[in-house]
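Trainee: Before I ask anything, here is the structure I am working with.
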Amino acid sequence: MGQKSSNLDKEVTLQHMQGLYLKFATDCPSGNLHLHEFKKIFGINSKSTEEESAYMDNVFRSFDTNHDGHLDFMEYVAAIHLVLRGKLEDKLRWSFKVYDRDGNGCLDRQEVRHIVTIITKIKICDEPGVPVDVDGICDRIFDSVDKNKDSQITLEEFLEGAEKDPWVMEQLKLDIGPCDWFIDQNEKKP
């Protein structure tokens, strides 16, 4: 989710955005972007892992603000803006929303473990055999972030913990990098 320095070099311009609108209008004549189309944007296909697919399901759900099962153009633009140009706090708020699967405004250990499991499996996909202690990561996140030790992380605790501890920030932020895809799609004429 956080912009890496390589993405900073590839700024999405107004011209790219206009191209994206034309691409959206062409590819989504109904005016709606459905989950399978969203997954295609991020390169999720039949060769993708179950974890990658589940991760994109959560991301899609977080952008579908009216919960109607698809993204309209305004939700699409808001998603692009957040991912490519959003402020760190906005991205952390969005990350919290992705983690908070039940939408109750707090993260329990199961929700954190679910996303950490998905993210670590995606990250180690290129390095199979690397041991990962998901429970240890979750324990450290809760030890660092859950200030009142009630076994739930509020949005405020999430934001504060991520901003104070770089390791926690690295574990909590969600990295999705569609910038290259957007630019490539703009260069392909509809």
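Trainee: Quick one: which residue in 148, 186 is at negative phi and at pLDDT below 65?
Mentor: The conditions single out 186.
Trainee: Quick one: residue 25 ticks every box in (1) surrounded by fewer than 18 Cβ atoms within 10 Å (Cβ to Cβ); (2) of a type in the set (Gly, Ala, Ser); (3) at pLDDT below 80 bar one, so which box is it?
Mentor: Going through the list (1) surrounded by fewer than 18 Cβ atoms within 10 Å (Cβ to Cβ); (2) of a type in the set (Gly, Ala, Ser); (3) at pLDDT below 80, residue 25 breaks only (3).
Trainee: If you check 78, 54, which single one turns out to be out of contact with any Phe, Trp or Tyr (no Cβ under 8 Å at 6 or more places or on another chain) and small (Gly, Ala, Ser)?
Mentor: 54
Trainee: Hey, another quick one. Please name all residue pairs, on different chains or six or more residues apart, with Cβ atoms under 6 Å, provided the first residue is in segment 56-80 and is open to solvent by 40 Å² or more (accessible area, probe 1.4 Å) and the second residue is in a helix (DSSP H, G or I) and not β-branched (Val, Ile, Thr).
Mentor: Within 6 Å, the pairs are 65/75.
Trainee: Of the residues in segment 97-123, how many are at pLDDT below 90 and either assigned to a helix (DSSP H, G or I) or aromatic (Phe, Trp, Tyr) (or both)?
Mentor: 13
Trainee: In segment 30-43, what residues are modelled with pLDDT under 85 and open to solvent by 30 Å² or more (accessible area, probe 1.4 Å)?
Mentor: 40, 42, 43, listed by residue number.
Trainee: Those residues that are open to solvent by less than 30 Å² (accessible area, probe 1.4 Å), modelled with pLDDT of 85 or more and out of contact with any Gly (no Cβ under 8 Å at 6 or more places or on another chain), I need them from segment 81-96; list them, please.
Mentor: 92, 95, 96
The values are calculated or read from the model by the stated rules, or taken from the named source; none is laboratory data. Please read all numbers here as calculations on a predicted model, not as lab measurements. Neighbour counts are summed over all protein chains in view; Cβ atoms, including those assigned to glycine, are modelled from backbone coordinates with ideal geometry. Surface areas here come from the heavy atoms of the whole protein model, side chains and all, with no ligands, DNA or RNA. Shrake-Rupley method; radii C 1.70, N 1.55, O 1.52, S 1.80 Å.
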